[in-house]
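Accompanying notes for the structure given below.
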Amino acid sequence: MKEKKEIKRKKKYKIKVKALIKLIVFVLVILFVSFFLFNIHIKNIYINGTTYVTDNEIISAAGIKNYPKLFKLSKSKMIKEIKRIPLVQDVKIKRNLLGHITINVTEYKVLFYYEYDKKYVASNGDMLAIDNAKGVPTLVNFTPDTIFEKLVAGLDKIDSNIISMINEIEYTPYRGSDGTIIDDTRFTLKMNDQNRIIMNTLNIKRLNDYNKIYASLGMDQLKGTLYLDTITDENIYFESYEAEQREEQERMRREQEEKEVESHE
């Protein structure tokens, strides 16, 4: 009986020793991996999604200019600091064991250059001094704040490729014959294709259909004015510059005739 008890004790002792060895090995592995991870330096930095924000701005804001240790950096802190850059809307960061850090940035859209303030206007309403902004239109005249905000909110919903087709935006409220303002949200757009668009902030979303309307009305053959400031889609129409010129000539002829009649009287 004593021999059996001794055998059982030896087995329990062996099991405890094995378990202890496994635990020690596990802890050593954890320590080694932790030491390895916390001593990996950044080797490569990849920045995606930027147009106006420079790589140097991103790297400086993230605090990785000197290629510090990769996993000692707080990802949430880096994101927070990068988001302080005015044009940055969102940031996502990925890291791997090869020492690579990838920063994916979503920028606010740059909508237009505001001639009155000499600044570029982003889709969040911020006015910025940007050196490398290209392919955006210019708002050429002063626009009241409330109308300005409606313009920004409306253009934020317009595709970037459509915005890049606009050369100039002019605030042109519609007035009646007596000078009374009928529509104070009206703008005239000069397009890069030499056409012109009359629109207001209420119907600004129709700009997204510009290419479709362009094709359906044969605007590739004639240049003129497209009216998108009407209430219903059925009232959208296009008038060529030739027709506008004829109308203007006819108006001037009538005015001249009226003056001649008045002078004879």
Inset, instruction - Answer with yes or no whether Asn161 is surrounded by fewer than 16 Cβ atoms within 10 Å (Cβ to Cβ) and either in contact (Cβ under 8 Å) with a residue 40 or more places away in the chain or outside any helix (DSSP H, G or I) (or both). - result: no
Inset, instruction - Could you run through the range 47-77 and say how many residues are of a type in the set (Phe, Trp, Tyr), more than 22 Å from Ala129 (Cβ to Cβ) and not in a helix (DSSP H, G or I)? - result: 1
Inset, instruction - For Thr50, indicate whether it is surrounded by fewer than 17 Cβ atoms within 10 Å (Cβ to Cβ), hydroxyl-bearing (Ser, Thr, Tyr) and more than 30 Å from Asn141 (Cβ to Cβ). - result: no
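Residue under question is Phe148, and the condition is that it be aromatic (Phe, Trp, Tyr), more than 11 Å from the chain's Cα centre (by Cα) and surrounded by fewer than 20 Cβ atoms within 10 Å (Cβ to Cβ); does it hold? Can you show your working first?
On the way: aromatic (Phe, Trp, Tyr): yes; more than 11 Å from the chain's Cα centre (by Cα): yes; surrounded by fewer than 20 Cβ atoms within 10 Å (Cβ to Cβ): yes.
Spelling it out, Phe148 is indeed aromatic (Phe, Trp, Tyr), more than 11 Å from the chain's Cα centre (by Cα) and surrounded by fewer than 20 Cβ atoms within 10 Å (Cβ to Cβ).
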Legend entry - Conditions (1) of a type outside the set (Gly, Ala, Ser); (2) at pLDDT 65 or above; (3) over 20 Å from the mean Cα position of the chain (by Cα); (4) more than 30 Å from Ile162 (Cα to Cα): number failed by Ile93: (3)
Legend entry - Top-ranked residue of the range 178-231 - restricted to ones that are of a type in the set (S, T, N, Q) and assigned to a strand (DSSP E or B), ranked as modelled with the lowest pLDDT: Thr225
Inset, instruction - May I ask you to say which residue of Ile130, Ile197, Ile181 is outside the structural domain of Thr54 (by TED's automatic domain parsing), over 21 Å from the mean Cα position of the chain (by Cα) and touching a residue at least 24 places away in the same chain (Cβ under 8 Å)? - result: Ile197
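Answer yes if at least one residue in the range 169-184 is surrounded by 19 or more Cβ atoms within 10 Å (Cβ to Cβ), under 19 Å from Lys109 (Cα atoms), touching a strand residue (DSSP E or B) at 6+ places or on another chain (Cβ under 6 Å) and not small (Gly, Ala, Ser), and no otherwise.
Yes, that holds for at least one residue.
The values are calculated or read from the model by the stated rules, or taken from the named source; none is laboratory data. Model, not experiment: these values are computed from the prediction. All Cβ positions, glycine included, derive from the backbone under ideal geometry; neighbour counts span all protein chains shown.
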